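In what follows, a structure is listed as structure tokens, so that the remarks can point back to it.
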Amino acid sequence: MGLQLEKVIPWGRSFDEYLRIFALTETDLQRSILDCGGGPASFNAGMCDRGYPVVSCDPIYQFSAAEIHQRIQDTYSAVIEGVKASLDDYVWQDIASPEELGRVRMAAMQAFLADFEGDASGEVDRERYVNAELPHLPFGDSQFDLALCSHFLFTYSDLLSAEFHLESILELCRVAREVRIFPILDISGKLSPRFEPIAIELEKRGYQLEVRSVRYEFQKGGDRLLQVRSPN
């Protein structure tokens, strides 16, 4: 069956994982980037530390750092136990065990929380962390060069309809010239049942699609991203 989740959970990846997940080059990092559905990932913090501009959006940013931390704590054990119950669905190479997975993910999320807490006054940088969610984003047409979406679309295929996926990808293509979505598997590790019909519909509408291999694999077979470019 693979890992099963009943709702979208706060679970963050690191800056270095983002580089591999999205095949990001040094040139890519200098583009204007939107991290959509970024949650408690430390990509934004890592970009900021390196002097690169980035915007992350997620409905979880309506909460305080303390509230997000509590939500992470509330779901952490269930995720790790779920992974332990489906060990054969993962590649234990860069990450050697469920316990190490927990340490790696918590380190990334702690880096996010430290950045999200803001300055000494507790003010969050609302230019970098925007409370917004798909399929409707508060950004202008082609405001970004590149939009990234990690472990949300396709991942939660059981929870999110085909219509939601299509509307969301079209919205990402509205606000960014290029969109990269990773992975194209669902949470159980199978090719998302949403993938093929969505790809067919996007191609009918003139969008340019490419499935690209990346140098990252934790879910077995989860080493490909979907790249989408608008018709014009």
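So in the stretch 217-232, with the set limited to residues that are over 19 Å from ALA147 (Cα atoms) and touching a residue at least 60 places away in the same chain (Cβ under 8 Å), which one is surrounded by the fewest Cβ atoms within 10 Å (Cβ to Cβ)? Talk me through it step by step, then tell me what you get.
Kept after step one, since they are over 19 Å from ALA147 (Cα atoms), are these residues of the stretch 217-232: 217-222.
Remaining after also requiring touching a residue at least 60 places away in the same chain (Cβ under 8 Å): 217-220.
Values: GLU217: 17, PHE218: 20, GLN219: 21, LYS220: 13.
Once the filter is applied, the top-ranked residue is LYS220.
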Worksheet item: Which members of the stretch 216-232 meet the condition of being polar (S, T, N, Q), closer than 20 Å to LEU19 by Cβ and either touching a Gly at 6+ places or on another chain (Cβ under 6 Å) or part of a loop (DSSP other than H, G, I, E, B) (or both)?
Response: GLN219
Fill in: Tabulated pairs, the stretch 182-201, first farther than 20 Å from TYR216 by Cα, second of a type in the set (A, V, I, L, M) and surrounded by fewer than 22 Cβ atoms within 10 Å (Cβ to Cβ), C-beta under 7 angstrom, 6+ apart or interchain
ARG194/ALA162; PRO197/ALA162; ILE198/ALA162; ILE198/LEU166; ALA199/LEU209; GLU201/LEU166
Worksheet item: Out of (1) in a helix (DSSP H, G or I); (2) surrounded by fewer than 18 Cβ atoms within 10 Å (Cβ to Cβ); (3) not hydroxyl-bearing (Ser, Thr, Tyr), what's the single condition that is false for LEU101?
Response: (2)
Item to complete: Look at the stretch 156-177 and say how many of its residues are without any contact (Cβ under 8 Å) to a residue 60 or more places away in the chain, touching a strand residue (DSSP E or B) at 6+ places or on another chain (Cβ under 7 Å) and buried (at least 19 other Cβ atoms within 10 Å of the Cβ).
Response: 2
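Could you tell me whether PHE112 is surrounded by 18 or more Cβ atoms within 10 Å (Cβ to Cβ) and assigned to a loop (DSSP other than H, G, I, E, B)? Steps first, please.
On the way: surrounded by 18 or more Cβ atoms within 10 Å (Cβ to Cβ): yes; assigned to a loop (DSSP other than H, G, I, E, B): no.
For PHE112, the condition - surrounded by 18 or more Cβ atoms within 10 Å (Cβ to Cβ) and assigned to a loop (DSSP other than H, G, I, E, B) - is not met.
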Worksheet, complete the sentence: Given the conditions (1) touching a residue at least 40 places away in the same chain (Cβ under 8 Å); (2) farther than 23 Å from ILE187 by Cα; (3) surrounded by fewer than 16 Cβ atoms within 10 Å (Cβ to Cβ), every one holds for ASP94 apart from (2)
Practice prompt. Taking only the stretch 164-200 into account, find how many residues are in a loop (DSSP other than H, G, I, E, B), under 16 Å from the mean Cα position of the chain (by Cα) and hydroxyl-bearing (Ser, Thr, Tyr).
Written response: 1
Fill in: Options ALA41, ALA85: the member that is under 15 Å from the mean Cα position of the chain (by Cα) and small (Gly, Ala, Ser)
ALA41
Worksheet item: Within the stretch 24-56, restricting attention to residues that are in contact with a Cys (Cβ under 9 Å, 6 or more places away or on another chain) and in a loop (DSSP other than H, G, I, E, B), which residue is surrounded by the fewest Cβ atoms within 10 Å (Cβ to Cβ)?
Response: GLY37
Worksheet, complete the sentence: By residue number, the members of the stretch 57-71 that are hydrophobic (A, V, I, L, M, F, W, C), within 28 Å of LEU146 (Cα to Cα), part of a helix (DSSP H, G or I) and out of contact with any Phe, Trp or Tyr (no Cβ under 6 Å at 6 or more places or on another chain) are ILE60, ILE68
Worksheet entry | Answer residue from the stretch 178-232, given it is of a type in the set (Lys, Arg) and touching a strand residue (DSSP E or B) at 6+ places or on another chain (Cβ under 8 Å) and is farthest from LEU34 (Cα to Cα) among those | LYS220
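Each value in this text was obtained by applying a stated rule to the coordinates, not by laboratory testing. This is a predicted model, so every value here is computed, not measured. Cβ: placed from backbone, ideal geometry, glycine included. Neighbour counts: every protein chain shown.
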